[in-house]
Amino acid sequence: MSRMHTDRLQELLADEALAALDAKRSAELAMLLSDCPAAERDALMQTAALTQLAFLHRDRSALQAMPERLKARLLGAAQAQRFPAKPG
């Protein structure tokens, strides 16, 4: 991946971490990630997550408790993925 593509990917990941992507830029991010080796993609996603944490650390007023319904859905989805139902 060229330096220009990597820079753009990092920019889009940072925007995604801040929930600042519209549909067009989200599609661009998906396209760039599809061309990215898995290890590099994981490192870039981790960088985006750390960027979001840094912004939240600076502005604690932006922190909100996760709604219980969302928390339950996420936990349910994670458990279903980790322990898939056996067919039959």
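Summary table
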{"quantity": "14 Å beta-carbon shell around residue 21, net charge (K/R +1, D/E -1)", "calculated": "-2"}
{"quantity": "Shape call, region 3-82: gyration tensor on alpha carbons, a/c limit 1.5", "calculated": "oblate"}
{"quantity": "Percent RCO, i.e. relative contact order, over the chain, from Cα pairs under 8 Å lying at least 6 residues apart", "calculated": "29"}
{"quantity": "Top positive-direction residue, dipole computed over region 3-82 with Cβ charges, set 72, 26, 52", "calculated": "72"}
{"quantity": "Simple Cβ-charge dipole of the chain, Lys/Arg +1 and Asp/Glu -1, about Cα centre, in debye nearest 20", "calculated": "460"}
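Coordinate-derived values only; no laboratory data. Worth saying up front: this structure is predicted, and the values here are computed from it rather than measured. Positions of Cβ are backbone-derived with ideal geometry, glycine not excepted, and every protein chain shown enters the neighbour counts.
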